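None of the figures in this text is laboratory data; all of them are computed from the coordinates on show. This is a predicted model, so every value here is computed, not measured. Note that each Cβ is placed from the backbone with ideal geometry, even for glycine, and that neighbours are counted across all protein chains shown.
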Amino acid sequence: MAKGMRGGVLAATVLLAACGGGVRYRPVSDVPVKIGKPYSVRGVTYVPAADPTYDYLGYASWYGSESGNQTANGERFRPKAVTGAHTTLPLPSYVEVTSLESGRTILVRINDRGPFARNGRIIDLSKGAAAQLGVQAAGVAPVRVRVVNPPEKDRKRLRDGRAAPERSRVPGQVLAKLRAQLAAGE
C-alpha cells in the first residue's frame, strides 16, 4: 500500500471512530434514579435533589435539533419523544406539564438537565413534548410543572418514545388564577 494511501485510510478510520464509536448510551430505564452532585452553569450553582412536592409556575421552552446527543442521564436524545430537561429533579422523573394558555396537560419524562436561561424558564421540552402540549409554535410558553407518580403503563409509553394519554384539562377559572399567580411572581 502506498504511503499516502495508508495515511488516508488511517485518517478515515480515526474520523469514523470519532463519529459514533466512542459514545455509549444508557438504555432507557427508570432505574437507577440519578440525583447527581451540585454543578454550575454560567455562574449559577444547581443542587439536584428529590422533591416529591415540586409544583411550580414558570415558562417552558423546547429544543429539538440535538438528535442523537447524550442526555444528562446517559440516554440518547430523541426529539420526537415526550421528554424534558430540568435543572434539579432526579433523572428520570415524571412531571405533569400544563399549558397556562390552553389548559392542556401532558405527562413528561425528565431525562436531561436544563434550561439554563435565567428568564423564568423552569423546563425545556423536547420537540415531541412541545407539540403534544401545543406550545411548539410559541417557542416559550407559561406552564405549571408538578412532579407526579404515573401508572407503569404511562411510564412505559414514555420510555418507549411515545406520548402518554393527555391528562384532564384544567378549567378556565383555575387557569386564570394560575396566570395571575405567575404574573404576581408567586
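Excluding ALA117 itself, calculate the net charge of residues whose Cβ lies under 14 Å from the Cβ of ALA117, where each Lys or Arg counts +1 and each Asp or Glu counts -1. If you can, show how the numbers build up before the last one.
Working: positive: ARG42, ARG113, ARG118, ARG121; negative: ASP124.
With Lys, Arg at +1 and Asp, Glu at -1, the net is +3.
Expected output is a single nm value to one decimal: the length gained when fully extending between VAL47 and VAL148, i.e. 0.36 nm times separation in residues minus the C-alpha distance. What is it?
Numbers: separation 101, 0.36 × 101 = 36.36 nm, distance 2.02 nm.
Contour length minus the Cα-Cα distance gives 34.3 nm.
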As straight-line cross-link partners of LYS80, the qualifying lysines (C-alpha separation under 28 Å, not fewer than 8 residues apart within one chain) are LYS34, LYS127, LYS153, LYS156
Here the residues of region 48-69 lying in the modelled label zone of GLN136, meaning backbone nitrogen under 20 Å from a point 7 Å along Cα-to-Cβ, are 60-69
Spelling it out for SER93: with amide H atoms placed in the peptide plane at 1.01 Å from N, the residues 5 or more places away or on another chain with amide H under 5 Å from its amide H are ILE110
Residues of region 146-166 with backbone N under 13 Å of the label point set 7 Å from the Cα of LYS80 along Cα→Cβ are 161-163
In degrees rounded to 10, the 0-90 angle between helix 3-16 Cα long axis and the longest Cα principal axis of the chain is 20 degrees
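What ranking of GLU75, GLU152, GLU101 emerges when the number of other C-beta atoms within 10 Å of each C-beta is taken as an exposure proxy, fewest first? Numbers along the way, then the final one.
On the way: GLU75 22, GLU152 9, GLU101 15.
Exposure proxy ranking, most exposed first: GLU152, GLU101, GLU75.
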Correct response: the longest run of the chain lacking exposed trypsin sites (Lys or Arg not before Pro), defined by DSSP loop and at most 13 other Cβ within 10 Å, is 43-117
Length gained, ASP55-SER102, 0.36 nm per residue minus C-alpha separation, equals 15.1 nm
If amide H atoms are modeled at 1.01 Å from N in the peptide plane, then the residues at a separation of 5 or more from ILE123, or on another chain, having amide H under 5 Å from its own are TYR59, SER61
